[in-house]
Amino acid sequence: MLELRHRAGCPGPGGAVAPPPREGEAAGGDHETESTSDKETDIDDRYGDLDSRTDSDIPEILPSSDRTPEILKKALSGLSSRWKNWWIRGILTLTMISLFFLIIYMGSFMLMLLVLGIQVKCFHEIITIGYRVYRSYDLPWFRTLSWYFLLCVNYFFYGETVADYFATFVQREEQLQSLIRYHRFISFALYLAGFCMFVLSLVKKHYRLQFYMFAWTHVTLLITVTQSHLVIQNLFEGMIWFLVPISSVICNDITAYLFGFFFGRTPLIKLSPKKTWEGFIGGFFSTVVFGFIAAYVLSKYQYFVCPVEYRSDVNSFVTECEPSEIFQLQSYSLPPFLKAVLRRETVSLYPFQIHSIALSTFASLIGPFGGFFASGFKRAFKIKDFANTIPGHGGIMDRFDCQYLMATFVHVYITSFIRGPNPSKVLQQLLVLQPEQQLNIYKTLKTHLIEKGILQPTLKV
Amino acid sequence: MTELRQRAVREPDGPPEDKESESEAKVDGETASDSESRAEASPPLIPADDTPEVLNRALSSLSSRWKNWWVRGILTLAMIAFFFVIIYLGPLVLMMIVLCVQIKCFHEIITIGYNVYHSYDLPWFRTLSWYFLLCVNYFFYGETVTDYFFTLVQREEPLRILSKYHRFISFTLYLIGFCMFVLSLVKKHYRLQFYMFGWTHVTLLIVVTQSHLVIHNLFEGMIWFIVPISCVICNDIMAYMFGFFFGRTPLIKLSPKKTWEGFIGGFFATVVFGLLLSYVMSGYRCFVCPVEYNNDTNSFTVDCEPSYLFRLQEYNIPGVIQSLLGWKTVRMYPFQIHSIALSTFASLIGPFGGFFASGFKRAFKIKDFANTIPGHGGIMDRFDCQYLMATFVNVYIASFIRGPNPSKLIQQFLTLRPDQQLHIFNTLKSHLTDKGMLMAATEDE
């Protein structure tokens, strides 16, 4: 099978026991030189011209197995290298999954911190690649500026989130109120300060490099920071909206790998020769089934289903509510052919399970494109992995590349099909208006509510 | 003076030279005050080739130094006159001009990218860049249209559906482009393709978001569009003039022709100009009122009761100035105070946009973004200082001037669930009662 053949001791460029590449990568790395069509015009600008040095990039690829903890190495020293790698990856996979469960148990606040931590690490990984590619580690100011921009953009996004969800908490504290009120202005001023620092830091011989790193930073911010904030918004909607998509992507990874392992025959895409159509389709069906079941299991618990709210009295996050309609069992009549198969008239499902089919479909069909994008990126810059944080798997970004599009999709899905605008945000905006406008709106709302019978007209005293 | 010396004679019609050395005096392509360097630099990139024949003949007798000066001057006046004409033509024409400027700027920057990477023949890439431009524009215009044309949208069934699922549709369109990009990755060109992908996205971020913020400002009232843009233009011109006459101390290594005297003189001149301009414009409804779409006449109207900002108020002059002017109070529009903030930003921070563009041009060894406008370069050359201004005005308005849009709030409110609506209603009620706007029990109507 393709997988076995590639995994068979084909050592990576740097190490004796290179871990088997993920199914998304070509075995043994892509040693071809990018053609000189990549060559840029400028011969003088030595720092900016990378493509004539493609071959020399290869020794820089760090073998991931250096990070394998000693204890694992000892335990597995008896096995052949092929199975050793398999075991390392397996153990790490299980470790990561358990860590995931543990954090879910610890609650939404820990999850938010985890998301923040992952975002910072992904940013760091991608920026480090940029430094290596451009040999720009010594550019004046640049490291500071990249982290500064990360801070600004995070401040902006967190401020918007905080303002929305912590409205009651914020109303209490005076300083927070002015920070919130002028939030956009403050964020913009902070960003501008960074922008002006960048302009002032332009150094004669390094213009092009500096612009490249500036653009690299901004694109990375666009990718990692916006995604992580959408993840947090999804989380606030209900932990199930965070768990089911992420698990579907993970499940798709694993099942596509397994199906490819056992049945893989037809290559899927030239970019990732180890992916096969059998894996792709098998992964699709198993992910849909998995998502269906996971949705069924999780929909029962208020802990997962309720929007996360911040209660000022207890100063913590609570998830308690009346489950909304999509999390209440409904009876659906089966279409005739299924009736015959299952011999039942109706079936009780949570409406959310229907949504989960959509989410799983996206995770299996489009999610892999995020993986292909990352593979292409790694091929383009001749790196094996984004980093070597996780033994056997590579960097954090390697694990999260398929999640990349998923978070945005879930967010767009929720705003388009599930919920309307956020009530606390509407309230917050109402409170900011001029009193006359508030009064007008109050009257309009009152008329509307009375018409709908939601509000009983009060008796005049 | 530095300006005169550098404006001295070089034949503008020399062969273009791409690879200039890093000598700062030559590679300098920013706003009005320095584009003279194009004239004398080791032959610049063809700006004069575009000079219309008419002008060429008319000015053929003058020496080339004055000829350039005249070409630039005439084009400047032509552009300003054009600006007035489209203001006169109204908001719809303005919106279209903004859209065209955006597309042209995008095209210019992308073309530079192609030139830098020699990637003009990359498979699919031209199509994909334009496709992404279309997607992002669709997304932003859809959001604007939904906000401002709410009633029109609700009436027409297809528009209503498009607007309800707008984000989903935009995201799907973007995804299609993304997947096409991934599928188009070709073995030998990975890096190039990723570079162009990154280049396209950064350009979109710069160009498209700015132009949509400009349109938001426009809808707030044409004065919020005209005063900032005029302040930037004025600062360009004034800084050039002051530098021309008094320039001595260089400002920044990146642009050796900018001087501190020009910078500071331009600052004061722009603040005064902003004050005067706002005074003149605040008197007219057509500039001051928010642009609204009138369903009955199916056109844009600017008709309203001018808000507090645009009504003359009396201000007491501080003692210091009282003795100077001999007046106790002065009548001003509050907007004029805001215009000071806008002009200050235009003069102090706006030039950083110009330095950024200069640095960019130096980095990629180009003289101008393009050669669309004779004597001035490309559209992007003219708009590089405007770049930050539009965002600043938008943030300024959102933070200090207007609150959220009430009709939008009502619209959002109506889509909430009944229990949420009730909760909000009660909170609003208690808030208003606290403020004394509502009498506690009786005043329910």
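The values are calculated or read from the model by the stated rules, or taken from the named source; none is laboratory data. Everything quoted here is computed from the prediction, not taken from an experiment. All Cβ positions, even for glycine, are placed from backbone atoms using ideal geometry, and neighbour counts span all protein chains on display.
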(Q) Criterion first (under 30 Å from A:Gln302 (Cβ atoms) and out of contact with any strand residue (DSSP E or B) (no Cβ under 6 Å at 6 or more places or on another chain)) does A:Arg379 satisfy it? (A) no
Q: May I ask you to list the residues in the stretch B:339-368 that are among the small types (Gly, Ala, Ser) and surrounded by 20 or more Cβ atoms within 10 Å (Cβ to Cβ)?
A: B:Ser339, B:Ser343, B:Ala346, B:Ser347, B:Gly350, B:Gly353, B:Gly354, B:Ala357, B:Ser358, B:Gly359, B:Ala363
Q. What number goes with the only condition from (1) crowded, with 21+ Cβ neighbours inside 10 Å; (2) touching a strand residue (DSSP E or B) at 6+ places or on another chain (Cβ under 9 Å) that B:Tyr293 does not pass?
A. (1)
Q) With respect to A:Ser272, is the statement that it is more than 23 Å from B:Trp199 (Cβ to Cβ) and not acidic (Asp, Glu) true? A) yes
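Looking at B:Ser323, B:Ser339, B:Ser347 in this structure, which one is more than 22 Å from the chain's Cα centre (by Cα) and part of a helix (DSSP H, G or I)? Spell out the reasoning first.
On the way: B:Ser339 fails: more than 22 Å from the chain's Cα centre (by Cα); B:Ser347 fails: more than 22 Å from the chain's Cα centre (by Cα).
Matching residue, one of B:Ser323, B:Ser339, B:Ser347: B:Ser323.
If you scan the stretch B:85-102, which residues turn out to be assigned to a helix (DSSP H, G or I) and over 13 Å from the mean Cα position of the chain (by Cα)?
From the stretch B:85-102, those assigned to a helix (DSSP H, G or I) are B:85-89, B:91-102; that's our starting set.
Of everything in the stretch B:85-102, those that are assigned to a helix (DSSP H, G or I) and over 13 Å from the mean Cα position of the chain (by Cα) turn out to be B:Val85, B:Ile86, B:Ile87, B:Tyr88, B:Leu89, B:Pro91, B:Leu92, B:Val93, B:Met96.
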Q | Members of the stretch B:124-177 found to be away from chain A (no Cβ under 14 Å) and of a type in the set (D, E, K, R), listed by number | A | B:Arg126, B:Arg155, B:Glu156, B:Glu157
Q) List pairs: first in the stretch B:254-272 and farther than 23 Å from A:Leu202 by Cα, second surrounded by fewer than 19 Cβ atoms within 10 Å (Cβ to Cβ) and of a type in the set (Val, Ile, Thr), Cβ under 6 Å, 6+ apart or cross-chain? A) B:Val271/B:Ile340
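Filter the stretch A:348-374 down to the residues that are closer than 14 Å to A:Gln328 by Cβ and in a helix (DSSP H, G or I) and list them by number. First the steps, then the outcome.
Restricting attention to the stretch A:348-374, the residues satisfying the condition of being closer than 14 Å to A:Gln328 by Cβ are A:348-355.
Across the stretch A:348-374, the qualifying residues are A:Pro351, A:Phe352, A:Gln353, A:Ile354, A:His355.
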Q. So which pairs qualify, if the first residue must be in the stretch A:226-245 and of a type in the set (D, E, K, R), the second must be surrounded by fewer than 24 Cβ atoms within 10 Å (Cβ to Cβ), the Cβ gap must be under 9 Å, and the two must be at least 6 apart or on different chains?
A. A:Glu237/A:Pro307; A:Glu237/A:Val308; A:Glu237/A:His411; A:Glu237/A:Ile414; A:Glu237/A:Ile418; A:Glu237/A:Arg419
Q. So, of the residues in the stretch A:274-297 that are part of a helix (DSSP H, G or I) and either without any contact (Cβ under 8 Å) to a residue 24 or more places away in the chain or among the basic types (Lys, Arg) (or both), which turns out to be nearest to A:Ile357 (Cα to Cα)?
A. A:Val289
Q) What pairs can you find where one residue is in the stretch A:259-273 and in contact (Cβ under 8 Å) with a residue 40 or more places away in the chain, the other is of a type in the set (Phe, Trp, Tyr), and their Cβ atoms are less than 7 Å apart, with a gap of 6+ or different chains? A) A:Ile269/A:Phe372; A:Leu271/A:Phe372; A:Ser272/A:Phe372
Q: May I ask you to verify whether B:Lys367 is at pLDDT 75 or above, farther than 20 Å from A:Ala215 by Cα and more than 10 Å from chain A (Cβ to nearest Cβ)?
A: yes
Q | Subset tally (residues that are modelled with pLDDT under 75 and outside any strand (DSSP E or B)) for the stretch B:283-301 | A | 4
Q: Mind checking which helices (runs of 4 or more DSSP H) fall wholly inside the stretch A:146-253 and carry at least 2 residues that are at the interface with chain B (Cβ under 9 Å from one of its Cβ atoms)?
A: A:183-200, A:207-220
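When the residues of the stretch A:298-326 are filtered to those that are part of a helix (DSSP H, G or I) and free of Cβ contacts under 8 Å to residues at least 60 places away in the same chain, which remaining residue is nearest to the chain's Cα centre (by Cα)? Give the derivation first.
If we filter the stretch A:298-326 for residues that are part of a helix (DSSP H, G or I), which is where we start, we get A:298, A:302-305, A:325-326.
From what's left, free of Cβ contacts under 8 Å to residues at least 60 places away in the same chain: A:298, A:302, A:325.
On the way: A:Leu298: 21, A:Gln302: 24, A:Glu325: 27 Å.
Among those that are part of a helix (DSSP H, G or I) and free of Cβ contacts under 8 Å to residues at least 60 places away in the same chain, it is A:Leu298.
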Q: Examine the stretch B:332-345 for a residue that is facing chain A (nearest Cβ under 9 Å) and modelled with pLDDT of 80 or more, and state whether such a residue exists.
A: no
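Grab the helices (runs of 4 or more DSSP H) fully contained in the stretch B:145-229, keeping just those with 2 or more residues being crowded, with 16+ Cβ neighbours inside 10 Å and free of Cβ contacts under 8 Å to residues at least 12 places away in the same chain.
Numbers: elements: B:150-155, B:157-164, B:166-183, B:190-220.
Filter on the stretch B:145-229 gives B:166-183, B:190-220.
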